[in-house]
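Trainee: Below is the structure I would like to discuss, written out as structure tokens.
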Amino acid sequence: MSGGAAGWGVRRPARWWRRRSLRTRLTVIAATAIAVSVFAALQVAIELLDSELQDTAEDQLRADSRVLATNAERAGLAQVQLPPYPGSGRLVRVILPDGSTRTPAGQPALPPVSEHAGRVAQGASADLMESNDSDEDGYLLYTLRAGDGAVQVGARVADDSPINRFGLGMLLIGLLCVVGGALSGGPWRGPGWHRSTG
């Protein structure tokens, strides 16, 4: 592309902007500011909401793990009762001293016991909070030392795609406001319009 053609491509938006009325310019600037502000505020709100939901989920997993660990220490890891999975809710697993595991009947499979969780079961550490969100079936999993092994309580990671879609929708609305402001400020060319040659 020649320098003249490139310069013309750069000047065209500037010429279009200079030809707009003051009202059109202010409308576009205000609409852009609103769109950017709404999108930024929404992103901040999403981050805060995600953080609050994760903190709440982690606290609940810790509480459920302590209850299960207490029962396991009383009855023994191999004998503690694990009620059948009801179809929803928390996911549990008992890690026995030999490294084998027990899970409730009918429960969906959890990710394999990680190396760090195995170290908890061996007594190298007291507990561990970990997440596995590499795919659609992400989990938040808490491991707590119990007896000669450990117990695990997990929950599926909440899908935040609807919130992200909502944010994208808000951004698109803002962009439409910008485009609408630019178009509404343009000159009206009705049926009788013609370019003056004088």
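Trainee: Answer yes if at least one residue in region 76-92 is under 30 Å from V113 (Cβ atoms), of a type in the set (G, A, S) and modelled with pLDDT of 90 or more, and no otherwise. Lay out the reasoning, then the answer.
Mentor: Within region 76-92, the subset under 30 Å from V113 (Cβ atoms) is 76-92.
Filter once more, so that each one left must be of a type in the set (G, A, S): 76, 78, 87-89.
Add one more test, that the residue is modelled with pLDDT of 90 or more, and what stays is 76, 78.
Checking region 76-92: at least one residue is under 30 Å from V113 (Cβ atoms), of a type in the set (G, A, S) and modelled with pLDDT of 90 or more.
Trainee: Also: Among the residues that make up region 167-189, is at least one of them surrounded by 18 or more Cβ atoms within 10 Å (Cβ to Cβ), under 24 Å from the mean Cα position of the chain (by Cα) and either modelled with pLDDT of 95 or more or not in a helix (DSSP H, G or I) (or both)?
Mentor: No, that holds for no residue.
Trainee: I've got another one for you. Within region 85-132, work out how many residues are part of a strand (DSSP E or B), closer than 12 Å to V151 by Cβ and of a type in the set (S, T, N, Q). Give the steps one after another, and end with the answer.
Mentor: Looking only at region 85-132, we keep the residues that are part of a strand (DSSP E or B), and these are 91-95, 101-102, 127-132.
Then keep just the ones that are closer than 12 Å to V151 by Cβ; that gives 91-95, 101-102, 127-128.
With the extra rule that they be of a type in the set (S, T, N, Q), the set shrinks to 101.
Summing the residues that are part of a strand (DSSP E or B), closer than 12 Å to V151 by Cβ and of a type in the set (S, T, N, Q) in region 85-132 gives 1.
Trainee: Next up: Kindly establish whether R25 is surrounded by 12 or more Cβ atoms within 10 Å (Cβ to Cβ) and at pLDDT 80 or above. Outline the logic, then answer.
Mentor: On the way: surrounded by 12 or more Cβ atoms within 10 Å (Cβ to Cβ): yes; at pLDDT 80 or above: no.
So R25 does not fit the description; no.
Trainee: In the list A78, A63, A72, which residue meets the criterion of being touching a residue at least 60 places away in the same chain (Cβ under 8 Å) and small (G, A, S)?
Mentor: Working: A78 fails: touching a residue at least 60 places away in the same chain (Cβ under 8 Å); A63 fails: touching a residue at least 60 places away in the same chain (Cβ under 8 Å).
Result of the check over A78, A63, A72: A72.
Trainee: I'm trying to understand the selection: among the residues of region 103-153, which are over 30 Å from the mean Cα position of the chain (by Cα) and more than 18 Å from E73 (Cβ to Cβ)?
Mentor: A105, A124, listed by residue number.
Trainee: Also: Only one of L82, L77 is touching a Pro at 6+ places or on another chain (Cβ under 9 Å), in a loop (DSSP other than H, G, I, E, B) and over 13 Å from G147 (Cβ atoms). Can you tell me which? Talk me through it step by step, then tell me what you get.
Mentor: Numbers: L77 fails: over 13 Å from G147 (Cβ atoms).
When all the criteria are applied, what remains is L82.
Trainee: Kindly provide the set of residues from region 26-60 that are without any contact (Cβ under 8 Å) to a residue 60 or more places away in the chain and not hydroxyl-bearing (S, T, Y), ordered by number. Talk me through it step by step, then tell me what you get.
Mentor: As a first pass, look at region 26-60 and keep what is without any contact (Cβ under 8 Å) to a residue 60 or more places away in the chain: 26, 29, 33, 37, 40-41, 44-45, 47-48, 51-52, 55-56, 59.
Selection gives L26, I29, A33, A40, A41, V44, A45, E47, L48, E52, D55, D59.
The values are calculated or read from the model by the stated rules, or taken from the named source; none is laboratory data. Bear in mind the structure is a predicted one, so any value in this text is a computation, not a measurement. Cβ sites come from the backbone with ideal geometry, for glycine too, and all protein chains shown count toward neighbours.
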